[in-house]
Amino acid sequence: YTQDSAKPSAAFVPTKADYEKVYNAITDIFDKEGYDDGSLAPVILRLAWHASGTYNKEDGTGGSNYATMRFPNEAGHGANAGLSVARDALEPIKKQFPWISYGDLWTLAGVAAVQETGGPAIPWRAGRIDGVEAHQTPDGRLPDAAQGSSHIRDIFGRMGFNDQEMVALIGAHALGRCHSDRSGYEGPWTFSPVTFSNEFYNLLLNDAWQWKKWKGPAQYEDKKTKSLMMLPADMAVVQDKEFKKWAQTYAKDEQKFFDDFSKAFSTMLELGVPKEQWKSEPYKVGQPEAAAA
Ligand code: ZEM
């Protein structure tokens, strides 16, 4: 045996076409009859965000580089409850494409979740590497849904985001729902939880909201149908004057929301990755022009 045949994966250098193949394999697992609203895309987007949102700009720790949610300690952080659903769903794809790092797989899956539900293209690039348990960050780096605008500014400011970017990022709550057996909260934010849109801002600004009367954690329900929800942290987006200006902008102008979300989310997915690790400039995966190229 030569050294090469002993280490076959080291010799393989993936191209953009290979990432297109991974992307397509990811989109193939989204539809899931009987699960939530019929799609795994929302919980997979939440995985990509929680894998990236641990970043601390002060010391460079956390972020998407090392995919440390693979380890039991970080997987067990309260904020990550339920994300095994997303990690487990992506595992067969990791087996099919063993050369991709978990960080690249999870973030590319987040890109696919946004794009395949009708959201904007999210520039992405490969380069994350799998880390070790020592790369895990302490519990408490992700936002607490029970808190308001100063907490949101602390948490997202630590990642390096400004007010406008914070408000744009939270707009992802157009997708998916809360689960009482995961976060304790319950219900979807919008009537179309598998469509990426600016509906989160429209509902937040234009519906009447009241505290839900129940045994669970304090959350809002819409007065009219009592079928939608808002977290206290969501409500902060209209209670805080500076945040509210952006919510109004995004409610009026979906294209502006898409543009700003795309930039901020693309940045978020790159947090914590040293420059020298990137394999290319960011580019669009899974878009018609990419497939044609
Ligand atoms: Zn969420 N999020 N999030 N979020 N999130 C939940 C679900 C989802 C907050 C939060 O506490 C919660 C961002 C920001 C913030 C998604 C994407 C993004 C849930 C419900 C909670 C409690 C979990 C459950 O029970 O299943 C808070 C406090 C945030 C900021 C202040 C950002 C940024 C996101 C992406 C860019 C998504 C897609 C879901 C839905 C998951 C699902 O399973 O349907």
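Here are some notes:
- Qualifying position, being more than 24 Å from Phe12 (Cβ to Cβ) and either surrounded by 21 or more Cβ atoms within 10 Å (Cβ to Cβ) or more than 16 Å from the chain's Cα centre (by Cα) (or both), among Ala86, Ala81, Ala67: Ala86
- Search result, residues across the stretch 168-181 that are more than 15 Å from Asp37 (Cβ to Cβ) and more than 7 Å from the ligand (Cβ to nearest atom): Ala168, Gly171, Ser180, Asp181
- Scan of the stretch 118-152 for residues that are outside any loop (DSSP other than H, G, I, E, B) and open to solvent by 20 Å² or more (accessible area, probe 1.4 Å), ordered by number: Glu133, Ala134, His135, Ser149, Ser150, His151
- Restricting the stretch 182-240 to residues that are surrounded by 15 or more Cβ atoms within 10 Å (Cβ to Cβ) and basic (Lys, Arg), the residue that is nearest to the ligand (Cβ to nearest atom): Arg182
- Condition check for Leu45: closer than 20 Å to Ile155 by Cβ and in contact with a helix residue (DSSP H, G or I) (Cβ under 8 Å, 6 or more places away or on another chain): yes
- Taken over the stretch 82-102, the criterion of being closer than 14 Å to Asp130 by Cα and part of a loop (DSSP other than H, G, I, E, B) is satisfied by Pro98, Trp99, Ile100, Ser101.
- Residue list for the stretch 93-112, filter: without any contact (Cβ under 8 Å) to a residue 60 or more places away in the chain and open to solvent by 20 Å² or more (accessible area, probe 1.4 Å): Lys94, Lys95, Tyr102
- Close contacts from the stretch 24-49, counting a first residue that is on the phi < 0 side of the Ramachandran plot and a second that is surrounded by 23 or more Cβ atoms within 10 Å (Cβ to Cβ) and among the polar types (S, T, N, Q), with Cβ to Cβ under 9 Å and a gap of 6+ residues or different chains, come to Ala48/Ser64; Ala48/Thr107.
- With respect to (1) under 26 Å from His50 (Cβ atoms); (2) among the acidic types (Asp, Glu); (3) free of Cβ contacts under 8 Å to residues at least 60 places away in the same chain, the lone exception for Asp259 is condition (3).
The values are calculated or read from the model by the stated rules, or taken from the named source; none is laboratory data. Values in this document were obtained by computation on a predicted structure and should not be read as measured data. Don't worry about glycine lacking a Cβ; one is built from the backbone with ideal geometry, like all the others, and counts go over all protein chains shown. These accessible areas exclude ligands, DNA and RNA; they are computed on the full protein's heavy atoms, side chains included. Shrake-Rupley method; radii C 1.70, N 1.55, O 1.52, S 1.80 Å.
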